[in-house]
Amino acid sequence: MTNDVIDGFLEKLGYPIAMSGKHRQLMKEWHAWYRGKVDSFHNYTVYNGFENVDCEKLTLGMAKRSAEDWADLLLNEKVEIMTASQNALDAILEANNFRDRANQLIELAFALGTGAFVAYASPSRTDRPVTINYINGLMIRPLKIENGEIVDCAFASQLNQDEYYITLHTRQPDGSYRIENIVFSEKSGQYSVKNLPGGVKPIVKSPVKLFWIVKPNLVNNIELDEAMGLSVYANAVDEMKDVDTKYDSYENEFVLGRKRIFVRGDTVQVNIGPDGKPRPAFDTKDTVFYAIPMEDKEAKPIQETDSKLRVEEHDRGLQTALNLFGDKVGFGADHYVFRDGKVYTNEAQVISTNSKMYRRLKKHELLLEPALIGLTQSVLYLLTGKPYTADVSVNFDDSIIEDTAEKKRQALLEFNAGLIDAVEYFKLTRNMDQAAAEKFVQEIEARKPEVEEEPEPEE
């Protein structure tokens with residue numbers, strides 16, 4: 001389903017879209033970078049002296065890499081959502097494959113600027129009485145904005161090749177929500193309330209909000225009044241171009257650094273092309289050959305050149321570009337390392353740059369936490385039929401930014417000073433529990449050779 005089809009359908013129903021055309025275009029561009037290929041940038045031509053050859057610039061895919069890395073930092077397997085109804089919540093989250101799907105949603109939200117959790121009751125599903133939909137930004141249509149917050153919104157999700165499930169959430173004067181559920185056929189342009197997923201009713205009223213927007217905690221410096229979020233790499237497009245330009249040059253260094261052959265056009269066999277013009281017998285798509293104009297009679301008929309590879313220069317240039325990109329997306333300089341033709345996360349550098357990354361991580365958590373709490377409350381309301389008022393807390397995983405080297409050094413100092421025993425030392429340095437550390441110490445002691453005491457000399 002195209003964006004225009006969604007917009008046209010909703011506006012036909014009387015729901016104007018509260019999103020600018022500029023932002024819609026930006027999302028398309030961010031999506032292109034997320035895919036890794038931007039036609040206007042990655043496609044280019046090279047003239048080989050005879051004709052233009054279509055080329056495609058190589059890419060390192062840093063847009064997806066950065067969004068994926070932020071998702072892994074923010075919502076990984078160690079993140080815990082704690083509540084009094086823990087067993088009921090865990091069962092629903094597991095049935096909805098929450099760990100994997102929520103991580104994927106955060107990745108898409110950081111790539112496209114916006115994502116959403118949408119919960120609804122699915123009574124016909126005995127295995128999953130509450131369903132969570134994970135909606136990417138391309139399928140979100142804000143309908144009403146108040147104080148920068150999306151209060152009315154439409155969400156679309158694909159049911160099959162032709163049909164889409166669309167749910168419209170509109171806030172009522174008393175703060176409750178009216179949810180309208182429909183199935184739209186792109187082929188016919190018609191909609192119905194039949195065959196709704198999971199036995200969903202056409203009209204549902206809820207005292208609580210059932211959708212929760214997630215986005216990077218970034219000020220939209222492109223459109224100040226836009227409620228939709230900003231991609232984490234929205235301000236790093238120039239840096240991504242620089243990275244891919246240098247990476248493409250790096251790879252081409254090995255291709256174009258091979259022997260080049262310059263051939264004067266009047267000295268080689270030619271074929272007559274379909275346009276009646278002469279063409280050289282060699283493959284014109286092969287950039288090894290370069291045709292010298294026939295008019296240049298002073299040029300040697302055939303010339304060979306051997307180029308010196310500039311690998312080190314390219315390594316330095318590409319690393320500089322990666323440093324700038326990593327800093328622009330919030331990780332800090334030297335977060336990414338180019339080595340052996342691949343990009344790695346500089347684990348050692350995480351320690352030295354964690355202050356910036358830690359602040360940015362906590363900043364993003366400020367928006368993600370209320371969304372996760374709100375989603376939990378929505379799920380438990382749908383499960384019990386009553387607004388959930390008990391406390392809900394989110395424990396994020398900050399272990400990635402711990403200075404493990406300093407932690408081990410401090411543990412060694414305390415062990416040598418006799419402040420902690422061997423069991424505690426291994427618990428701190430090897431991430432062991434009490435039983436595992438005790439067993440490990442026993443094994444070490446058992447491996448020590450027995451030392452026989454020498455008899456004292458007789459006086």
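Looking across region 373-392, the residues that are within 18 Å of Pro207 (Cα to Cα) and of a type in the set (A, V, I, L, M) come down to Ile373, Leu375, Val379, Leu380, Leu382, Leu383, Ala390. Glu77 fulfils the conditions (1) in contact with a Phe, Trp or Tyr (Cβ under 7 Å, 6 or more places away or on another chain); (2) within 29 Å of Asn217 (Cα to Cα); (3) of a type in the set (D, E, K, R) except for a single criterion, (1). Considering only residues in region 1-13 that are part of a helix (DSSP H, G or I) and in contact (Cβ under 8 Å) with a residue 40 or more places away in the chain, the one that is nearest to the chain's Cα centre (by Cα) turns out to be Asn3.
Name the one entry in Pro207, Pro202 that is free of Cβ contacts under 8 Å to residues at least 24 places away in the same chain and either within 30 Å of Thr384 (Cβ to Cβ) or among the basic types (Lys, Arg) (or both). Going through Pro207, Pro202 in turn, just one is free of Cβ contacts under 8 Å to residues at least 24 places away in the same chain and either within 30 Å of Thr384 (Cβ to Cβ) or among the basic types (Lys, Arg) (or both): Pro202.
If you go through region 403-432 and pick out every residue that is modelled with pLDDT under 80 and out of contact with any Phe, Trp or Tyr (no Cβ under 8 Å at 6 or more places or on another chain), you end up with 9.
Determine if region 43-51 includes at least one residue that is part of a helix (DSSP H, G or I) and surrounded by fewer than 15 Cβ atoms within 10 Å (Cβ to Cβ). No, every residue in region 43-51 fails to be part of a helix (DSSP H, G or I) and surrounded by fewer than 15 Cβ atoms within 10 Å (Cβ to Cβ). Among the listed residues Ile106, Ile81, which satisfies the condition of being of a type in the set (Val, Ile, Thr), buried (at least 17 other Cβ atoms within 10 Å of the Cβ) and either outside the structural domain of Leu375 (by TED's automatic domain parsing) or within 29 Å of Val183 (Cα to Cα) (or both)? From the options Ile106, Ile81, the qualifying one is Ile106. So is Tyr120 assigned by TED's automatic domain parsing to the domain that holds Arg99, part of a strand (DSSP E or B) and at pLDDT below 95 or not? For Tyr120, the condition - assigned by TED's automatic domain parsing to the domain that holds Arg99, part of a strand (DSSP E or B) and at pLDDT below 95 - is met.
Okay, residues lined up against (1) outside any helix (DSSP H, G or I); (2) under 15 Å from the mean Cα position of the chain (by Cα):
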| site | (1), (2) |
| --- | --- |
| Leu73 | no, yes |
| Glu77 | yes, no |
| Asn87 | no, no |
| Leu93 | no, no |
| Asp100 | no, yes |
| Asn103 | no, yes |
| Leu108 | no, yes |
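Going by the structure shown, is Lys215 basic (Lys, Arg), modelled with pLDDT of 95 or more, surrounded by 19 or more Cβ atoms within 10 Å (Cβ to Cβ) and assigned by TED's automatic domain parsing to the domain that holds Ser20? So Lys215 fits the description; yes. May I ask you to list the residues in region 166-205 that are farther than 22 Å from Asn136 by Cα, among the charged types (D, E, K, R) and not in a strand (DSSP E or B)? Hits for region 166-205 are Asp174, Lys187, Lys194, Lys201.
Scanning region 126-153 for residues that are surrounded by fewer than 17 Cβ atoms within 10 Å (Cβ to Cβ) and either outside the structural domain of Ile166 (by TED's automatic domain parsing) or under 17 Å from Lys209 (Cβ atoms) (or both) turns up Lys144, Glu146, Asn147, Gly148, Glu149.
Among the candidates Ser122, Ser66, the residue that is of a type outside the set (D, E, K, R) and closer than 29 Å to Lys201 by Cβ is uniquely Ser122.
Inclusion of Thr114 among residues that are under 27 Å from Tyr191 (Cβ atoms) and β-branched (Val, Ile, Thr) is warranted. The residues of region 14-23 that are touching a residue at least 12 places away in the same chain (Cβ under 8 Å) and surrounded by fewer than 16 Cβ atoms within 10 Å (Cβ to Cβ), listed by number, are Pro16, Ser20, Lys22. Scanning region 154-165 turns up at least one residue that is in contact with a His (Cβ under 9 Å, 6 or more places away or on another chain) and in a strand (DSSP E or B).
Which of the residues that make up region 20-36 are under 23 Å from the mean Cα position of the chain (by Cα) and not in a helix (DSSP H, G or I)?
Passing the criteria: only Gly36.
Pairs meeting the criteria (first residue in region 383-395 and touching a residue at least 24 places away in the same chain (Cβ under 8 Å), second residue surrounded by 11 or more Cβ atoms within 10 Å (Cβ to Cβ) and part of a strand (DSSP E or B), beta carbons under 6 Å, at least 6 apart or on different chains) are Leu383/Val130; Val392/Thr83; Ser393/Met82; Val394/Ile81; Asn395/Glu80.
The values are calculated or read from the model by the stated rules, or taken from the named source; none is laboratory data. No experiment lies behind these values; they were computed from the predicted model shown. We place every Cβ from the backbone using ideal geometry, glycine too, and count neighbours over all the protein chains shown.
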